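Structure first, commentary second.
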Amino acid sequence: MKRIVFTLFLITLTGSAFAQKESSILKKVDKMIADRQYLSAYQLLDEFDPTNDRPAVVLKKETIVLNYFTQSIMHRVFSLKDLAEGENLDSVRVNFTEGQLFTFEADSLIRRLLAKHPGDKALLGGHTRFLEALLDDYSTDIWGMYLDSACLELLMDDNENPSAGYQLGLYYTMNENYEKAAPYFVRTVTQCDTHYRAHYNLGIAEYYLQAFNTATHHLRRAYQGYQRPSEKADAARTLGIIYGENLNNADSALLYLQKAVDIYPSYLNQVFLLQWHLDNKSPDIQQMMANCWSAAMEDDEPFSAVQDLLSRCMEQNRRNDVLKLLKIRNADTTDDFERGISSLFIGQIISDTAPADAIPWIELAITNFKKVEAPDNFLDSLRQMILELQQK
């Protein structure tokens, strides 16, 4: 009996000593992180726990790779670096060309540990943080690839973490289940009133649930809290749309639509402001159209943007205004693509009433599109258009 008691006592002492060593290493690692010695900090942890069996060590490794990587591939393969005096992570990441890559699959490692320690709050938080990093640094498509049923259950178990609630709400939003999404966003903003993306998405969910006044409350919180211009403008634009289309408040609609353009003058923001002026028969329509045209030329998909712009105006019987804009841009621009696209749409618009007059415009479009090396099949479609016009 004494031998058994002694053995148990020895095991207890050994476990305690190991825990003290872990605590000491974690403190040392925190100091190394503060000194920006990220690679050395990770290596020290890996030497201490190479098999990733100790939850606190695995979570510290996760913190390092997700926050201080110099290279990351899908947040599964990483490269780290000890920063020199005067270096910072942003500059290193921009100029980083090669490094020693290693794999650290936080998702599967934490799930394995959760199987041994079910309900562990720290591990649940680590699982949520990994998904949050995917959501922040990659597309929602990449993030969504991880959301199997087991993952969703772990997010549900992490019920004290605002990010977990937000991600669950976002999952149901992407599946257009706004009734299920809304309570998770409510939970998130209740736990953290400064989670502005949750406020924004709650506003969207309430909009689809036709709770328009509640939607504007949360969208205003997002608008007030967002720092990134594109997000702030997005919230303002959405407010403008709801005030104009659902709450019949034209003044508030104009206020927020104008704010969206002032903050971030993208085509999308410009065209909704134009739509307000079209709907309200404003005297500023021609100038708004010109602003939209300029933004469309800068859009990632200028053809689609221009088609959208012209369609909105034609639906409001603004044919003459459209032709005036296109002819002004065609005459004033020195850009071959802009001249090509304006020529093409002039030809298309007048083709119904004056097919013979439309042909020179289509020919001018072909000439200018050739200069920007437009695809042959596209140019052939314009030549076919000319042949059809000649037969009218």
Does any residue in region 190-203 that is farther than 14 Å from Glu231 by Cα come within less than 7 Å, Cβ to Cβ, of a residue that is open to solvent by 40 Å² or more (accessible area, probe 1.4 Å) and in a helix (DSSP H, G or I) six or more places away or on a different chain, and which pairs are these?
Leu202/Val186
Going through Leu59, Leu39 one at a time, which residue ends up being outside any loop (DSSP other than H, G, I, E, B), of a type in the set (A, V, I, L, M) and closer than 14 Å to Phe130 by Cβ?
Leu59
Among residues of region 114-124 being touching a residue at least 40 places away in the same chain (Cβ under 8 Å) and farther than 15 Å from Glu153 by Cβ, the residue surrounded by the fewest Cβ atoms within 10 Å (Cβ to Cβ) is His117
Would you mind finding the one in Arg111, Arg187, Arg129 that is open to solvent by 30 Å² or more (accessible area, probe 1.4 Å), within 30 Å of Phe212 (Cα to Cα) and of a type in the set (Lys, Arg)?
Arg187
Would you point out the residue of region 126-141, among those that are of a type in the set (Gly, Ala, Ser) and part of a helix (DSSP H, G or I), that is farthest from Tyr172 (Cα to Cα)?
Gly126
Residue list for region 190-220, restricted to those being open to solvent by less than 50 Å² (accessible area, probe 1.4 Å) and of a type outside the set (A, V, I, L, M, F, W, C):
His195, His199, Tyr200, Asn201, Gly203, Glu206, Thr216, His218
Would you confirm whether any residue within region 142-149 is among the acidic types (Asp, Glu), in contact (Cβ under 8 Å) with a residue 24 or more places away in the chain and either in a helix (DSSP H, G or I) or farther than 24 Å from Thr238 by Cα (or both)?
no
From the residues in region 361-376 that are among the β-branched types (Val, Ile, Thr) and not in a loop (DSSP other than H, G, I, E, B), which one is farthest from Leu389 (Cα to Cα)?
Thr367
Subset of region 99-113 that is under 17 Å from Tyr68 (Cβ atoms) and of a type in the set (Gly, Ala, Ser) - its residue that is nearest to the chain's Cα centre (by Cα):
Ala106
So which pairs qualify, if the first residue must be in region 75-102 and at pLDDT below 90 and acidic (Asp, Glu), the second must be in a loop (DSSP other than H, G, I, E, B) and surrounded by fewer than 13 Cβ atoms within 10 Å (Cβ to Cβ), the Cβ gap must be under 9 Å, and the two must be at least 6 apart or on different chains?
none
Can you work out which of the residues in region 143-184 that are closer than 11 Å to Ala205 by Cβ and of a type in the set (D, E, K, R) is surrounded by the fewest Cβ atoms within 10 Å (Cβ to Cβ)?
Glu176
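Here's the yes/no breakdown for (1) within 18 Å of Leu247 (Cα to Cα); (2) of a type in the set (A, V, I, L, M, F, W, C):
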{"site": "Phe185", "(1), (2)": "no, yes"}
{"site": "Asp193", "(1), (2)": "no, no"}
{"site": "Ala205", "(1), (2)": "yes, yes"}
{"site": "Gln210", "(1), (2)": "yes, no"}
{"site": "Ala215", "(1), (2)": "yes, yes"}
Please go through region 296-322 and pick out each residue that is within 24 Å of the chain's Cα centre (by Cα) and at positive phi.
none
List pairs: first residue in region 151-165 and in contact (Cβ under 8 Å) with a residue 12 or more places away in the chain, second residue of a type in the set (Asp, Glu) anywhere in the structure, Cβ distance under 7 angstrom, at least six positions apart or on different chains.
Ser163/Glu132; Ala164/Asp158
If you scan region 302-330, which residues turn out to be assigned to a helix (DSSP H, G or I) and basic (Lys, Arg)?
Arg312, Arg319, Lys324, Lys327, Arg329
Only residues that are closer than 13 Å to Gln390 by Cα, open to solvent by 50 Å² or more (accessible area, probe 1.4 Å) and assigned to a helix (DSSP H, G or I): list them for region 332-360, please.
Ala356, Asp357, Pro360
When you look at Trp293, is it open to solvent by 10 Å² or more (accessible area, probe 1.4 Å), touching a residue at least 12 places away in the same chain (Cβ under 8 Å) and part of a helix (DSSP H, G or I), yes or no?
no
Only one of these conditions is not met by Gln210: (1) within 30 Å of Arg112 (Cβ to Cβ); (2) modelled with pLDDT of 95 or more. Which number is it?
(1)
For region 98-112: of the residues being in a helix (DSSP H, G or I) and out of contact with any helix residue (DSSP H, G or I) (no Cβ under 6 Å at 6 or more places or on another chain), which is farthest from Tyr146 (Cα to Cα)?
Arg112
For region 251-284, what are the residues that are modelled with pLDDT under 95 and either of a type in the set (A, V, I, L, M) or open to solvent by less than 30 Å² (accessible area, probe 1.4 Å) (or both)?
Ser282
Matching residues, region 373-382, being more than 27 Å from Asn317 (Cα to Cα) and either touching a residue at least 60 places away in the same chain (Cβ under 8 Å) or surrounded by 13 or more Cβ atoms within 10 Å (Cβ to Cβ) (or both):
Ala374, Leu379
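The values are calculated or read from the model by the stated rules, or taken from the named source; none is laboratory data. No experiment lies behind these values; they were computed from the predicted model shown. Glycine gets a Cβ as well: all are built from the backbone with ideal geometry, and neighbour counts include every protein chain shown. Quick note on the areas: whole protein, heavy atoms, side chains included, nothing else; ligands and nucleic acids left out. Shrake-Rupley method; radii C 1.70, N 1.55, O 1.52, S 1.80 Å.
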